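See below for the structure under consideration.
Please treat every number below as a calculation from the coordinates, not as lab data. This one's a predicted model, so the numbers in the text were calculated from it and none came from an experiment. Reconstructed Cβ throughout: ideal geometry from the backbone, glycine too, with neighbour counts over all protein chains shown.
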């Protein structure tokens, strides 16, 4: 594994300083319940710091749908970013058929009007909005991979990342308002600034299944049969520490004090969604099923939304769980196609499903 002697050098300095502080510029208030695990010879004690007054059950107020749209993110509580075929430009020839490229659009939930956001002759999608809402990280997609782009919401200009390495479609996280953390399919973990310039901070090598910013460092999952989760501290000379095996997804909470991880249990094919501490010690099991993906923390860190495919007669579709008690509420029966997205207020949840050969976006509003 190739590793920089000190992360806090060169173009990535500002972004990596954010990793040390464990907070993101423009992030929401995360003064929610934290757990601390204390190990004793005969028992494990979980201490709840700053407990919330009382866990509350999620209740759906209404569900709005947008047909022929693949929802990506909320721009604000009233506007969503989505992709759909752009029929105003020339189609592409794909396997002998004329196909319009998917471009990015804005949709207003009040007046129900959509408008073109980013136009391109190639397929675009898999977006992530900066905390201040001023820049959009997206990918120009080619089959199951993508190439990173950064879009300025004010100037309407895009720049491409200066790496030619393909990026996994689901990878990419804003560290602050100016830097994005990504991993490539060639085993590199990069930080990109707003000009598109990338800096390699570590090269674990092999196949990487995902990266995420943690409290004082980064998490990454190495592919292969073991699917090992590692943490690499943001200190000179630090070595990666293995946290767990069998991990398919790692999703830090907004304050980066807890992780939601999805693991596969041996050869059984059963997945579990568990809240763990930064060292991987289990705090609370949320769900179990044949498939669990698309997991997303609410902005205040009190809830987890995820897509569940149960074994047998259990609940399927979109589930929202209380991150303190683990209580699950089914909010949509359809299966999600992508990672779920919360509105800035935490009062709405965005999901896209694939129905009858096209995508449908649902915006779930909670009471």
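Results, tabulated for the structure shown:
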| item | result |
| --- | --- |
| Length-normalised contact order for the stretch 74-168 - Cα pairs under 8 Å, 6+ apart - percent | 18 |
| Ordering of 91-97, 148-154 by burial proxy (mean other Cβ atoms within 10 Å per residue, highest first) | 148-154, 91-97 |
| Euclidean distance of C-alpha centroids, the stretch 106-134 and the stretch 272-351, integer Å | 25 |
| The stretch 147-217: relative contact order in percent, alpha carbon pairs under 8 Å with at least 6 residues between | 26 |
| The stretch 228-367: relative contact order in percent, alpha carbon pairs under 8 Å with at least 6 residues between | 13 |
| Cα-based shape type of the stretch 69-222, given that a ≥ b ≥ c are square roots of the gyration tensor eigenvalues and the cut on a/c is 1.5 | oblate |
| For 347, 57, order by how many other beta-carbon atoms lie within 10 Å, fewest first | 57, 347 |
| Difference of contour (0.36 nm per residue) and Cα-Cα distance, residue 98 to residue 325 | 76.7 nm |
| Length gained when the stretch residue 195-residue 356 is fully extended (0.36 nm per residue, less Cα-Cα span) | 54.0 nm |
